[in-house]
Amino acid sequence: MKNPMRLTGGMSIIPSQEELIDTILSSQLEKSQARLILLIDTSGQVISFHGERGSIDLVALGALTASDLAASEEIARISNLYQENQMVIRQGSKMNTIVYDVNHNLILLYIVPATVPLGWVCYLVRESSSQINEALSKIQEISGGRIFESENANLHEMINNALDQVWKD
Amino acid sequence: MNINWQLRQLRLKIVYYGPAMSGKTTNIEQIHKRIDPNNRSNLVSLKTNEDRTLFFDFMQFELGKVCGMAPCIQLYTVPGQEYYKASRKLVLRGADGVVFVADSSAARIGDNLESWLDMDSALAEMNHPIGKIPLVVQYNKRDLADAVPVINLRKSLGVGEFPQFEAVAFNGEGVFNTLKSIVNDVIFQVQKELQ
């Protein structure tokens, strides 16, 4: 069985990892006074969200944040300025936004009022990133086996049925 | 791919690739139009002033429970124009499957091939070479007067045993079959990888 955390093309989060991540981000939310903290994977899929959701479209926010960091990293690469753990900071009059490359799989987004010192927020972003990495590396629980407990022929039929159900002709 | 065992969620990323104006965005728009709004996100499009894809189009939809798991599928398109090569590579990151949308017009055979080779090299760079990542080919715009026979399109691209579909994405024809095929292939690949 593979390490449940890393797969060829993505991540598998087990319950104990999710709990740890939640604890870390809840504490960070309080310390940073962030309006919102979002943890996504590099393909933009939302892993954890803390703060005021309001009318924010989290799915779109995840996809755009991942693309934002990917584009910024590529700009850095093309300009020969790439370093590990890139941080993208946007300063605004009311809110600051920080996007941070936690590792090659995860990205953090902080949206914080401009009244909170930016240096403090950057410190906290790095701190949470280290804590997340540490939490993920400690846990090597084995989970799973097959993700879908079904024979392949049945699985094929079930996927098609599920697709038929959401599709309107 | 992202699996949350607590929520029993499986999140997958599928990218629609192909030359400019081949119908990638049209595919996504049709899917968005036809999927039950309760099961899908909004369509996000980063476009130029000329309404061409600048970075990507994106939507997500959820399937009901399949064997206790809830698959959630993210669909992206890449910008097709040659000078957006760097952006295309970024969108391909983390892809679990790819749909290659070829333009059936005789005038676009060269563009199809160029885009196919571009995809081949981008996937190889990411250690997901063609043949190792689920891939479905769609021959779009079959209604064109100068549409090249599919057999010729296949030959020109050197497409092997990948699932292939004819489509007129503008009116939704072939869009669902293509989607069904890639979703199945991607889920089976995940199942295989986890075994």
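Scanning the stretch B:44-64 for residues being under 13 Å from A:L163 (Cβ atoms) and either among the charged types (D, E, K, R) or in a loop (DSSP other than H, G, I, E, B) (or both) gives a total of 3. Give the residues of the stretch A:73-122 that are of a type in the set (F, W, Y) and closer than 19 Å to A:G51 by Cα, sorted by residue number. Correct list: A:Y100, A:Y110, A:W120. Residues in the stretch A:74-91 that are touching a residue at least 12 places away in the same chain (Cβ under 8 Å) and surrounded by fewer than 19 Cβ atoms within 10 Å (Cβ to Cβ): 6 in all.
Among the residues making up the stretch B:18-38, those that are part of a helix (DSSP H, G or I), closer than 18 Å to B:V175 by Cα and within 13 Å of another protein chain (Cβ to nearest Cβ) are B:I28, B:Q30, B:I31, B:H32, B:K33, B:R34, B:P37.
In the stretch B:112-136, the residues that are on the phi < 0 side of the Ramachandran plot form Cβ pairs under 6 Å with partners that are among the aliphatic types (A, V, I, L, M) and outside any helix (DSSP H, G or I), at six or more places apart or across chains, as follows: B:N112/B:A102; B:D120/B:I130; B:L123/B:I130; B:L135/B:V98; B:V136/B:V99.
Residues checked against (1) in contact with a Lys or Arg (Cβ under 6 Å, 6 or more places away or on another chain); (2) surrounded by fewer than 17 Cβ atoms within 10 Å (Cβ to Cβ); (3) away from every other protein chain (no Cβ under 11 Å); (4) part of a loop (DSSP other than H, G, I, E, B):
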| position | (1), (2), (3), (4) |
| --- | --- |
| B:N42 | no, yes, no, yes |
| B:P71 | no, no, no, no |
| B:G80 | no, no, yes, yes |
| B:A95 | yes, no, no, yes |
| B:V99 | no, no, yes, no |
| B:D118 | no, no, yes, no |
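Checking A:L29, A:L25 one by one, the residue that is buried (at least 22 other Cβ atoms within 10 Å of the Cβ) and under 22 Å from A:E127 (Cβ atoms) is A:L25 and no other. Per the listing B:V15, B:V91, the residue uniquely assigned to a helix (DSSP H, G or I), in contact with a helix residue (DSSP H, G or I) (Cβ under 8 Å, 6 or more places away or on another chain) and not basic (K, R) is B:V91.
When B:L123, B:L135 are screened for being hydrophobic (A, V, I, L, M, F, W, C), under 21 Å from B:A20 (Cβ atoms) and within 13 Å of chain A (Cβ to nearest Cβ), only B:L123 passes.
Here A:A63, A:A70 are screened, and the one residue that is surrounded by 16 or more Cβ atoms within 10 Å (Cβ to Cβ), in contact with a Lys or Arg (Cβ under 7 Å, 6 or more places away or on another chain), at the interface with chain B (Cβ under 8 Å from one of its Cβ atoms) and modelled with pLDDT of 85 or more is A:A70. All of A:N103, A:N160 fail the test of being at pLDDT 85 or above, over 22 Å from A:L38 (Cβ atoms), not in a strand (DSSP E or B) and not hydrophobic (A, V, I, L, M, F, W, C), apart from A:N160. Check B:V186 against each of (1) assigned to a strand (DSSP E or B); (2) aliphatic (A, V, I, L, M); (3) within 13 Å of chain A (Cβ to nearest Cβ); (4) in contact with a Gly (Cβ under 7 Å, 6 or more places away or on another chain) and name the one condition it does not meet. Only one criterion is unmet by B:V186, namely (1).
The values are calculated or read from the model by the stated rules, or taken from the named source; none is laboratory data. Small disclaimer: the values here were computed from a predicted structure and weren't measured. For neighbour counting, all protein chains shown are included, and Cβ atoms are generated from backbone atoms with ideal geometry for every residue, glycine included.
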